[in-house]
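Working notes for the structure below.
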Amino acid sequence: VKHAIIDLGGNILTIGNKPDGTPYRIGIKKPFDENGSVITSVNITDQSVVTSGIYERYFEYEGRLYHHVLSPYNGYPVDNGLYSVTIVSDSSAAGDALSTACLVLGPKDGMALIESIPDIEALFITNQEELFYSSDFPISE
């Protein structure tokens, strides 16, 4: 197989590039958008795009949002101003671990971690729908 895309929901792996030689363009979902709109996209070849977010598995109770990403400090859902973290890397396993870790760490510490690791890029989306990119994130034009 020279050209492929494997989509497992929040985990996408590309093999090679598209048959026409161009990179794959992968959309990043806008958090909490019921229509599945894309907030931005990335161009990748032979890489993985993995997103961890609080907007897929959640419920509201008495005005509070409860989701599946729990803080190791108090056992409650993480509440640090982030909706999601997307990792672009050569490894889906690394992307999965880092996207969740960065979501727990929060925007400042999470981005510091990403910038300390070679060949790993990240997009952080805040609860104000602000987008913060690591230094070499492959944004689509």
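Quick check: with the 1.4 Å probe, what order do THR86, THR22, THR51 take by accessible area, largest first?
In descending accessible area the options line up as THR22, THR51, THR86.
Of the chymotrypsin sites (Phe, Trp or Tyr not before Pro) found in the range 23-82, the ones in coil according to DSSP and having at most 12 other Cβ atoms within 10 Å of their Cβ are TYR73. Full extension of the chain between LEU70 and ILE139 gives 21.9 nm of extra length, using 0.36 nm per residue less the Cα-Cα distance.
In the chain, the DSSP-assigned H stretches of four residues or longer account for a calculated mean residue ellipticity at 222 nm of -5000 deg cm²/dmol, using -39500 (n - 2.57) per stretch and the full residue count as denominator. A Gaussian network model of the chain, with springs between Cα atoms under 10 Å, assigns the largest mean-square fluctuation among GLU129, GLU121, GLU60 to GLU60. At a probe radius of 1.4 angstrom, the accessible area of the chain per residue rounds to 57 square angstrom.
When you have a sec, figure out the Kirkwood radius of the range 60-141 from all distinct Cα pair distances and drop it here in Å to one decimal?
So the Kirkwood estimate lands at 13.3 Å.
From most to least packed by mean Cβ count within 10 Å, the peptides 113-119, 99-105 give 99-105, 113-119. Overall dimensions of the chain, expressed as equivalent-ellipsoid semi-axes from the Cα gyration tensor (√(5λ), whole Å, largest first), are 27, 16, 13.
Per atom type, the chain shows carbon and sulfur on 50% of its accessible surface, probed at 1.4 Å.
The values are calculated or read from the model by the stated rules, or taken from the named source; none is laboratory data. Remember, it's a predicted structure, so these values are computed and weren't measured experimentally. Glycine also receives a Cβ, built like all others from the backbone with ideal geometry; neighbour counts cover every protein chain displayed. Note: areas computed on protein heavy atoms with side chains; ligands, DNA, RNA excluded. Shrake-Rupley method; radii C 1.70, N 1.55, O 1.52, S 1.80 Å.
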